[in-house]
Every structure is written in structure tokens, then in C-alpha cells.
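**Q** The following block contains the structure, expressed as C-alpha cells.
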């Protein structure tokens, strides 16, 4: 009877495929549309650092700031990409760099805020932007490593409590209780008590 139940479960799982059910019913399957997945850059803590590396490489190679920002924007995280695209477009149109690197929208993330501050300072002082962006990439990587280390330490602390709750009673039942019971038996048989 158990073989019959297993075979029935397998048949149900195989037959429950929506495309096969539609094919048996004579209903055409919906056209396969390619779903666009959310970019991995949103959850990637190193995405901003890699975008800063690309921007620094473009600037170091001699590209204009607007061209370098436009080249970096497609691979950057969404918030950073929006700022880079806006700055690229405004700089290409001849806007003042302080205006191009200003942010008009919701509060930017710390990486974007640091880039905007660095770009405005570079535009006002005339300092090279490439070295500052490269240092910003190093700082971003360091911050991501620190965050990963802190998360690992939190996980180690959170794992210790359930392990203690599981292993401590087992240690007491299998390690301490038999020894105490054995000693108690020997003490009671010899008549010491």
C-alpha cells in the first residue's frame, strides 16, 4: 500500500504542472515573456565600490567627467546611477558643476552622498576627481567588509543560544546523570550512608 501511495503522489506532482494542465485542457499556454529580474546591485554591498572603480578608471584614462559618469551609470546601483546620469546630462549641456552634482530628490544613500560632496569639492577647488573617487571605492569596500564582519559576529551569538538549549540537556542526561546514578548506586550498596 505504501508503494501505491508513493506512485500516486508522484503522479499528482507530475500532472500538476500548469503548462501540462493547460495543454490537456486545450488552452494555449501564455506567451513566454522574459521577466526582468531586479538588479543584483541593490543587494550587493560592493556594487557602489565597483562603480566608483569604473568611474575612477574612466577619469584616470582622460575621459571628460560627463562622459565618465555616463559610462559608469549603466552598471551602478539605481540611486547612484540616477545621480550619475543626471550629472552627465547636465555637464554635457554645459551646466555649472556645482549644479550638476547637486541632488534633487529623496535623501541619497551614504555612497551617493559622499560622491556628490567629493564632486562638488573637486569642481570648486579644481582638484582631480579620479584619486578621490578611487579612495571612495576603498572606503566603500572597507565599510562593506566591516558590515559583513559584524553580521557574522551577530550570527555567531544568535546561534550559540539554540545550541546551548539543545546540547546542555543532552549533556546532563547522557553525561552527568549516569555518572551520578552510578556513584549513588555504589555508595548505597557499600552502606556508607
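**Q** With equal scatterers on the alpha carbons only and no solvent term, can you work out the Debye log10 of I(q)/I(0) for the stretch 133-182 at 0.25, 0.28, 0.31 1/Å?
**A** Rounded to two decimals, the profile gives -0.86, -0.93, -1.00.
**Q** Once the piece of chain linking residue 179 and residue 46 is laid out straight, how much longer is it, given 0.36 nm per residue of separation minus the C-alpha distance between them?
**A** On the way: separation 133, 0.36 × 133 = 47.88 nm, distance 5.42 nm.
Length gained, residue 179 through residue 46: 42.5 nm.
**Q** For residue 142 and residue 98, what does the FRET efficiency come to when R0 = 25 Å and r is the distance between their Cβ atoms, rounded to the nearest 0.05?
**A** Using R0 = 25 Å, I get an efficiency of 0.30.
**Q** Let me ask something additional. Can you put 59, 188 in order, fewest other beta carbons within 10 Å first?
**A** Ascending Cβ contact count within 10 Å gives the list 188, 59.
**Q** To the nearest 0.05, what FRET efficiency results for residue 109 and residue 170 with a Förster distance of 45 Å applied to their C-beta separation?
**A** 0.45
**Q** Just to be sure I understand the curve: with the Debye formula and one point per C-alpha of the stretch 58-193, what is log10 I(q)/I(0) at q = 0.09 Å⁻¹?
**A** So the normalised log intensities are -0.47.
**Q** Quote the FRET efficiency, to the nearest 0.05, computed for residue 124 versus residue 160 with a Förster distance R0 of 35 Å and r equal to the Cβ-Cβ distance.
**A** Rounded to the nearest 0.05, the efficiency is 0.10.
Bear in mind that the values in this text are calculations on the coordinates, not laboratory data. Bear in mind the structure is a predicted one, so any value in this text is a computation, not a measurement. All Cβ positions, even for glycine, are placed from backbone atoms using ideal geometry, and neighbour counts span all protein chains on display.
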